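The values are calculated or read from the model by the stated rules, or taken from the named source; none is laboratory data. These figures come from a predicted structure and were not determined experimentally. A quick note on method: Cβ atoms are made from the backbone with ideal geometry, for glycine too, and the neighbour counts reach across all protein chains shown.
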């Protein structure tokens, strides 16, 4: 059965800290791995990763994929209160060729 | 501005009543999706449609129904057969239903349904 496992499920840090969110997967027919940020309602797209070892970067956020070990990490440096959100990892592929989401990591950044 | 509009944002219903959630997109996307989100459960796929007049069941389709009569619209009906309908419902779309265009979803702001 295809699955995506995120850890930790929740995390509380202080402004300025660096955090690493984890996403591991067991899938058939892997095509890509995606990260989304959900602050209140609509998840917004962060990164799509298809190749191992190539870091995607956007400001203080970065992500990398390891297709051999079947995991991805999302790093956030110098966290701000505006980074507080649920971060969702999803992979595209599987037997039906749909996006399959993990349960998310709830990040709380305290001032 | 292009995007996805879901309505209503909040909805209350009594047990035994059907309710329809609206989802409209003006992105000219071929594929549309409905997800359910419960606390600690992530997003679970209810139904998806890769093209007009066609749709497929997702992982938790029981107690739900959909239609795709127009490219822009993909309404979801939560029927009385759904045993635990209280949840946050998200509609999404993608450029295509398969291939690279299916990877990145654009989401609506969601509809929160509460059954009293």
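Taking region B:59-112 as the range and being part of a strand (DSSP E or B) and within 14 Å of chain A (Cβ to nearest Cβ) as the test, the residues that pass are B:87, B:88, B:89, B:90, B:91, B:92, B:93, B:94, B:106, B:107, B:111, B:112. Going by the structure shown, is residue B:72 within 15 Å of residue B:26 (Cα to Cα) and either surrounded by fewer than 21 Cβ atoms within 10 Å (Cβ to Cβ) or at pLDDT below 90 (or both)? For residue B:72, the condition - within 15 Å of residue B:26 (Cα to Cα) and either surrounded by fewer than 21 Cβ atoms within 10 Å (Cβ to Cβ) or at pLDDT below 90 (or both) - is met. Only residues that are more than 25 Å from residue B:109 (Cα to Cα) and surrounded by 12 or more Cβ atoms within 10 Å (Cβ to Cβ) were counted in region A:21-48, giving 8.
For region B:70-86, state whether one or more residues are more than 13 Å from the chain's Cα centre (by Cα), at positive phi and free of Cβ contacts under 8 Å to residues at least 24 places away in the same chain. No: region B:70-86 contains no residue that is more than 13 Å from the chain's Cα centre (by Cα), at positive phi and free of Cβ contacts under 8 Å to residues at least 24 places away in the same chain. Scanning region A:8-25 for residues that are within 14 Å of chain B (Cβ to nearest Cβ) and more than 25 Å from residue B:40 (Cβ to Cβ) turns up nothing. Just to be sure before I move on: is residue A:86 away from chain B (no Cβ under 11 Å) and either free of Cβ contacts under 8 Å to residues at least 60 places away in the same chain or closer than 30 Å to residue B:5 by Cβ (or both) in the structure I sent? No.
Counting only strands (runs of 3 or more DSSP E) that sit wholly inside region A:68-111, those with at least 1 residues that are within 9 Å of the chain's Cα centre (by Cα) are A:71-76, A:85-93, A:105-110. When residues of region B:30-58 are filtered for being part of a loop (DSSP other than H, G, I, E, B), within 14 Å of chain A (Cβ to nearest Cβ) and at positive phi, how many remain? So the answer is 1.
Against the condition surrounded by fewer than 21 Cβ atoms within 10 Å (Cβ to Cβ) and free of Cβ contacts under 8 Å to residues at least 12 places away in the same chain, how does residue B:115 come out, does it pass? Taking the combined requirement at face value, the residue does not satisfy it.
Pairing each residue of region A:96-111 that is within 7 Å of chain B (Cβ to nearest Cβ) and more than 14 Å from residue A:34 (Cβ to Cβ) with any residue that is modelled with pLDDT of 90 or more and outside any strand (DSSP E or B), provided the two are 6+ apart or on different chains, yields C-beta distances under 7 Å for A:103/A:9. May I ask you to list the residues in region A:52-111 that are at pLDDT below 90, surrounded by fewer than 14 Cβ atoms within 10 Å (Cβ to Cβ) and at positive phi? Answer for region A:52-111, where residues must be at pLDDT below 90, surrounded by fewer than 14 Cβ atoms within 10 Å (Cβ to Cβ) and at positive phi: just A:53.
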